[in-house]
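The values are calculated or read from the model by the stated rules, or taken from the named source; none is laboratory data. The structure displayed is predicted, hence computed values, not measured ones. Note that we place each Cβ from the backbone using ideal geometry, even for glycine, and neighbour counts take in every protein chain shown. In case anyone asks, the SASA skips ligands and DNA or RNA and just uses the protein heavy atoms, side chains included. Shrake-Rupley method; radii C 1.70, N 1.55, O 1.52, S 1.80 Å.
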Amino acid sequence: LQRAGVSGAEADKAAALVAGATTLDEVEPGTPVQIVLGKRSSKNTARPLESLAFRARFDLNLSINRSGGGLSLARHAIAVDNTPLRIRGTVGNSLYRSARAAGAPANIIQDYLKVISDRASLSSISASDEFDIIIDYKRAETGEVKVGELLYAGVDRGGKSAIQMLKWTKGD
């Protein structure tokens, strides 16, 4: 804020307001910030902060506005659906390409292939087998998504021994 022309004291007030709503470490570097500055009272004074708005966390927007003589903070919660995403399909000619075509992210498929290859040779998986992937997935009401880790990796081998691997963490 100081680089934008706001006084140090007013920038500190804004930072204190934000710190009261969320830890400053949760604000991701590179977060877009909308700033509106007011008119200077003279050439030698800093510009007053009129408003500031940004996404503090995946589930929270914050805005600071000048009201009366001071700054006030408004929190705008964003609803987030934390339902894991399940992706299934037939292996076909390429397990990787089939999973990508079904919507699985490349890094998740790489993790999936590592997990499956620990249990069976990838060459033993036939084109008619079905893959099953479940990933940690968050979708905000504003449309953004956050893809997390691989939670489940499975292969249905048409009645033969199925491969099923579930991520298990202590305390969950």
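Which one of K138, K146, K167 is farther than 30 Å from V36 by Cβ, modelled with pLDDT under 95 and not aromatic (F, W, Y)?
Criteria check complete, one pass: K167.
For the range 6-42, filtering for residues that are under 27 Å from T142 (Cβ atoms), open to solvent by 70 Å² or more (accessible area, probe 1.4 Å) and not β-branched (V, I, T) leaves 8.
Could we say that D118 is open to solvent by less than 70 Å² (accessible area, probe 1.4 Å) and more than 30 Å from I35 (Cα to Cα) here? So D118 fails the test. Please verify whether the range 43-64 includes one or more residues that are in contact (Cβ under 8 Å) with a residue 12 or more places away in the chain, open to solvent by 70 Å² or more (accessible area, probe 1.4 Å) and of a type in the set (A, V, I, L, M). Taking every residue of the range 43-64 in turn, none turns out to be in contact (Cβ under 8 Å) with a residue 12 or more places away in the chain, open to solvent by 70 Å² or more (accessible area, probe 1.4 Å) and of a type in the set (A, V, I, L, M). Identify, please: which residue in the range 25-41 is outside any loop (DSSP other than H, G, I, E, B) and among the charged types (D, E, K, R) and is, among those, farthest from L62 (Cα to Cα)? Among residues in the range 25-41 that are outside any loop (DSSP other than H, G, I, E, B) and among the charged types (D, E, K, R), the one farthest from L62 (Cα to Cα) is D25.
Yes or no: G158 open to solvent by less than 30 Å² (accessible area, probe 1.4 Å) and either more than 30 Å from T23 (Cα to Cα) or of a type in the set (G, A, S) (or both)? In short, no.
Only one of N65, N44, N61 is out of contact with any Leu (no Cβ under 8 Å at 6 or more places or on another chain), polar (S, T, N, Q) and not in a loop (DSSP other than H, G, I, E, B). Can you tell me which? Just a single option satisfies the conditions, and that option is N61. Going by the conditions given, is R3 out of contact with any strand residue (DSSP E or B) (no Cβ under 7 Å at 6 or more places or on another chain), closer than 30 Å to L151 by Cβ and either open to solvent by less than 60 Å² (accessible area, probe 1.4 Å) or among the basic types (K, R) (or both)? Taking the combined requirement at face value, the residue does not satisfy it. Of all the residues in the range 122-150, those that are aliphatic (A, V, I, L, M), open to solvent by 50 Å² or more (accessible area, probe 1.4 Å) and touching a residue at least 40 places away in the same chain (Cβ under 8 Å) number 1.
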